[in-house]
Amino acid sequence: MITTEAALLTTLNEPLEFTEILVDDPEPNEVRVAVSNVGLCHSDLHYMTGTVGAVLPVVVGHEVAGVVESVGSAVTSLRPGDRVVGALTPSCGLCRNCQVGHSTQCQRVSQIRQRPRPAFKLPGGQAVERLGDIGAFSRHTLMRENSLVRVPDEVGLHVGCLLSCCIVTGVGAVFRGAQVRAGATVAVIGCGGVGSAIIQGARLAGASAIVAVDLDDARLAAARTYGATHVVNGAADVQAEIQKALGDGVDYAFEAVGSARTAATALSILRATGTACLVGIAPDGTNLTLPASDFFFGEKRLIGSYMGSGQAHEDISQFARLYLQGRLLLDEMVSDVIGFHEINKGFEAMKSGEVTRIVADLTE
Ligand SMILES: [Zn+2]
Ligand SMILES: [Zn+2]
């Protein structure tokens, strides 16, 4: 067991509190990671504001990169000193869904999540929860061997952390979820971290038009650098603007906001037979009301994609190569690198909507 510093969420809508915690020794299949960098993600905010339920106290943070510090007795593929990023969805690798490549839908998640003791504890003995079994806003954490992917030395960990959540989610939704074909037309609603990754995925997939939709003009300008060919401010009549620009709806529309309204917009801007893909995480209890005729007369499809649709381990290695070739832009997506103790300010800045990704540096 070691002592380390973590940022704890003890009360909803209050700043994270920096405090000392105890980190358990790795189980046989676990690795202790010295966390280097963590991207601030909207999913963290969902927990911090209560739109997604959590047990408190909890350490949030999940878009993680770091260095392996020690390994459990059964770990064979990682060694101390390895530079790693998180492949976040826990999976067994053995159930039916895992075996066909859908590890985000692992059927044994609750089983493999069980640990004989809490991973994090307060010095007084109280257990501390971890968002997604990670709890990255801690200078040290424990992760399962198969939840980590080694990255080449040339990939800086302050950008490498993006691979673990927003990049795998966004590019995976394009490659694995919707399977965008070359030449297709694409629209992306919401151009934050995940939306920017979807735009890049569409560019890499060979889309012939990529329409970025957002309420923030600075984000729309950035969207062009990631590959958007058209931009539409979401305050306008998005359907009419796309019709005007392309003469039709789009083949694929991605929703990266997480609201019923933008999900309905995604369906409405499709051409007949198009596919809408929901990627944004909507608050608990959100329901959709959609025109049924779009599905039978228009033959539209509505699908979802979660965390890149299940092949993160494989995909993260590919994305690291695309980054090193200059084809996947990561440095441009990092609006700011801040110190660990600045993360509360970072989350405030995120709420303003002007940033793509703020990354915390936990090594200083
Ligand atoms: Zn995330
Ligand atoms: Zn499984």
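For the range 71-93, name all the residues that are in a loop (DSSP other than H, G, I, E, B) and either within 24 Å of the chain's Cα centre (by Cα) or within 16 Å of ligand 1 (Cβ to nearest atom) (or both).
Leu78, Asp82, Ala87, Leu88, Thr89, Pro90, Ser91, Cys92, Gly93 - these are the residues of the range 71-93 that are in a loop (DSSP other than H, G, I, E, B) and either within 24 Å of the chain's Cα centre (by Cα) or within 16 Å of ligand 1 (Cβ to nearest atom) (or both).
Just to be sure I understand, how many residues within the range 119-128 are more than 12 Å from Glu27 (Cβ to Cβ) and either β-branched (Val, Ile, Thr) or part of a loop (DSSP other than H, G, I, E, B) (or both)?
Of the range 119-128, the ones more than 12 Å from Glu27 (Cβ to Cβ) are 120-128.
The next check asks that each one be either β-branched (Val, Ile, Thr) or part of a loop (DSSP other than H, G, I, E, B) (or both); those that pass are 122-126, 128.
The number of residues fulfilling the criteria is 6.
Can you go through Val52, Val35 and tell me which one is within 16 Å of ligand 1 (Cβ to nearest atom), among the hydrophobic types (A, V, I, L, M, F, W, C) and either out of contact with any strand residue (DSSP E or B) (no Cβ under 9 Å at 6 or more places or on another chain) or assigned to a loop (DSSP other than H, G, I, E, B) (or both)?
That would be Val52, the only listed residue that is within 16 Å of ligand 1 (Cβ to nearest atom), among the hydrophobic types (A, V, I, L, M, F, W, C) and either out of contact with any strand residue (DSSP E or B) (no Cβ under 9 Å at 6 or more places or on another chain) or assigned to a loop (DSSP other than H, G, I, E, B) (or both).
Yes or no: Val68 in contact (Cβ under 8 Å) with a residue 12 or more places away in the chain, assigned to a strand (DSSP E or B) and of a type outside the set (Gly, Ala, Ser)?
Details: in contact (Cβ under 8 Å) with a residue 12 or more places away in the chain: yes; assigned to a strand (DSSP E or B): yes; of a type outside the set (Gly, Ala, Ser): yes.
Here the answer is yes, as Val68 does meet what is asked.
So that you can scan it fast, the table gives a plain yes or no per residue for (1) surrounded by fewer than 19 Cβ atoms within 10 Å (Cβ to Cβ); (2) modelled with pLDDT of 95 or more:
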residue: Gly193; (1), (2): no, no
residue: Arg203; (1), (2): no, yes
residue: Ser208; (1), (2): yes, yes
residue: Leu220; (1), (2): no, yes
residue: Thr225; (1), (2): yes, yes
residue: Val231; (1), (2): no, yes
residue: Ala235; (1), (2): yes, yes
residue: Gln243; (1), (2): yes, yes
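Taking the range 71-112 only, how many residues are among the aliphatic types (A, V, I, L, M), near ligand 2 (Cβ under 8 Å from one of its atoms) and out of contact with any Lys or Arg (no Cβ under 8 Å at 6 or more places or on another chain)? Don't jump to the end; show me each part of the working.
Going through the range 71-112, the residues among the aliphatic types (A, V, I, L, M) turn out to be 71, 74-75, 78, 84-85, 87-88, 94, 100, 109, 112.
Pick out the ones that are also near ligand 2 (Cβ under 8 Å from one of its atoms) and you get 94, 109, 112.
Pick out the ones that are also out of contact with any Lys or Arg (no Cβ under 8 Å at 6 or more places or on another chain) and you get 109.
Looking only at that region, the number is 1.
Yes or no: the range 335-351 includes at least one residue that is buried (at least 20 other Cβ atoms within 10 Å of the Cβ), outside any helix (DSSP H, G or I) and over 18 Å from the mean Cα position of the chain (by Cα).
Checking the range 335-351: not a single residue is buried (at least 20 other Cβ atoms within 10 Å of the Cβ), outside any helix (DSSP H, G or I) and over 18 Å from the mean Cα position of the chain (by Cα).
Enumerate the pairs (first residue in the range 95-119 and within 16 Å of ligand 1 (Cβ to nearest atom); second residue anywhere and modelled with pLDDT under 90 and of a type in the set (Val, Ile, Thr)) with beta-carbon separation below 9 Å, excluding pairs fewer than 6 apart on the same chain, so at least 6 apart or on different chains.
Hits for this filter: Thr104/Thr89.
Select from the range 105-118 the residues that are in contact with a helix residue (DSSP H, G or I) (Cβ under 8 Å, 6 or more places away or on another chain) and assigned to a helix (DSSP H, G or I) and write down the one among them that is nearest to Val68 (Cα to Cα).
This residue is Arg113.
The values are calculated or read from the model by the stated rules, or taken from the named source; none is laboratory data. If you're wondering where the values come from, they're calculated on a predicted model, not measured in any experiment. Virtual Cβ from ideal backbone geometry, glycine too; neighbours counted across all protein chains shown.
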